[in-house]
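The values are calculated or read from the model by the stated rules, or taken from the named source; none is laboratory data. As the structure is a computational prediction, the values presented were derived from the model and not from experiment. In this analysis, Cβ positions are derived from the backbone assuming ideal geometry, glycine residues included, and neighbour counts consider all displayed protein chains. Accessible surface is based on the protein model in full, side chains and every heavy atom, while ligands, DNA and RNA are left aside. Shrake-Rupley method; radii C 1.70, N 1.55, O 1.52, S 1.80 Å.
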Amino acid sequence: MSIKPGDRLPKANFAVMTPDGPAVRTTDEIFKGRRVALIGVPGAFTPTCSNVHLPGFADRLDAFKAKNVDAVAVVSVNDVFVMTAWAKDTGTGGRLLFLADGNGDFARAVGLPLDLTERGLGVRSQRYAMLVDDGVVRVVNVETSPGKAEASSAEALLEAI
């Protein structure tokens, strides 16, 4: 069953890049005491993720801050090196928080895995956007198709909060 408003995020670990190299950050370290817009994407460097979904959030950071959102984070079932390269390639590193869910543990824990093995991509994450307030999900918008970024768009999340 997938996560819903009112649910607390499950305990999970993410890999992030720091000046000293890869490090682990927990859900508590990222979400405790903060309002975070979290977007889940099927894969770094994929067309919809790179050209539509991620830019929508990067372009609307001020609008999120105006709604008392402390950070915008993006999570994908990719390793920390891919996520770091994607942040650099998109020019959004330092403005968005890139979280690597390398084994898909978080995607499974929130009930939003996406099996793309027929396309040679393995098990990934469904595309979604959620507002997390102090570790509790307040809004969650999940796409019906991984190739679309409508329900999970920045505009849709901003409207919901």
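Contact map, the range 121-150: first residue among the acidic types (Asp, Glu), second residue open to solvent by 50 Å² or more (accessible area, probe 1.4 Å), Cβ cut-off under 6 Å, separation 6 or more or different chains; pairs are Asp133/Arg35; Asp134/Gly33. Select, from Val136, Val132, Val123, the only residue that is β-branched (Val, Ile, Thr), touching a strand residue (DSSP E or B) at 6+ places or on another chain (Cβ under 8 Å) and closer than 17 Å to Ile39 by Cβ. Matching residue, one of Val136, Val132, Val123: Val132. Filter the range 108-155 for residues that are outside any strand (DSSP E or B) and in contact with an Asp or Glu (Cβ under 6 Å, 6 or more places away or on another chain); which is most open to solvent (accessible area, probe 1.4 Å)? Here the answer is Ala151. Restricting attention to the range 31-51, does a residue exist that is open to solvent by 80 Å² or more (accessible area, probe 1.4 Å) and assigned to a helix (DSSP H, G or I)? Scanning the range 31-51 turns up at least one residue that is open to solvent by 80 Å² or more (accessible area, probe 1.4 Å) and assigned to a helix (DSSP H, G or I). Which number in (1) on the phi > 0 side of the Ramachandran plot; (2) in contact with a strand residue (DSSP E or B) (Cβ under 9 Å, 6 or more places away or on another chain) marks the one condition that Gly21 misses? Gly21 satisfies all of (1) on the phi > 0 side of the Ramachandran plot; (2) in contact with a strand residue (DSSP E or B) (Cβ under 9 Å, 6 or more places away or on another chain) except (2). For the range 55-73, the candidate set comprises residues that are in contact with a helix residue (DSSP H, G or I) (Cβ under 6 Å, 6 or more places away or on another chain) and outside any loop (DSSP other than H, G, I, E, B); within that set, the residue that is surrounded by the fewest Cβ atoms within 10 Å (Cβ to Cβ) is Ala63.
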